[in-house]
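These notes are about the structure you will find just below.
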Amino acid sequence: MRRNPFDEIEEVLDRVSRQVEEGMTSGGLQVPGSVPVDVADTGEEYVVTADLPGYETDDISLTLSDGTLRLEATREDEHEEYAEGRYIRRERTRKSANRRIRLPEPVEEESVAAGYEHGVLTVRLPKESGDDESREIDIE
């Protein structure tokens, strides 16, 4: 007995729907050319962590403007030919990636620090201190 083709289509649509839902609940679907990031609020600063495997420090550009952190990474396409043949599969051809992250509060731009280790970029953005808070002042 043959299966109803509409049942097969319905199964495929259900599977795609589940995959989309799982992607949405796990932080969103990955957009090609986009950099996956985590943004944490520690109370005193925002910490942005981005996965950029395969890039060198010189390939990465960070700018902060109008409360938006802009991350761009570009590398040269390697046209490495192998003496014994040609590529059968080539998936590592993406040359550039970028991401813009809107920060919820102003940060102290002169105190922003960034580090890159083992393909992970970490940017620390200290929040601007508010005038409403009182501070204890040491007397010398």
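Every number in this text was worked out from the coordinates using simple rules, so none of it is lab data. This one's a predicted model, so the numbers in the text were calculated from it and none came from an experiment. When we count neighbours, we look across all protein chains shown, and the Cβ atoms used for this are built from the backbone with ideal geometry, even at glycine.
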Extended-chain gain in nm, criterion 0.36 nm per residue less alpha-carbon gap, residue 74 and residue 105: 8.3 nm
Kindly state, to the nearest 0.05, the FRET efficiency for residue 65 paired with residue 41, given R0 = 25 Å and r defined as their beta-carbon distance. 0.75
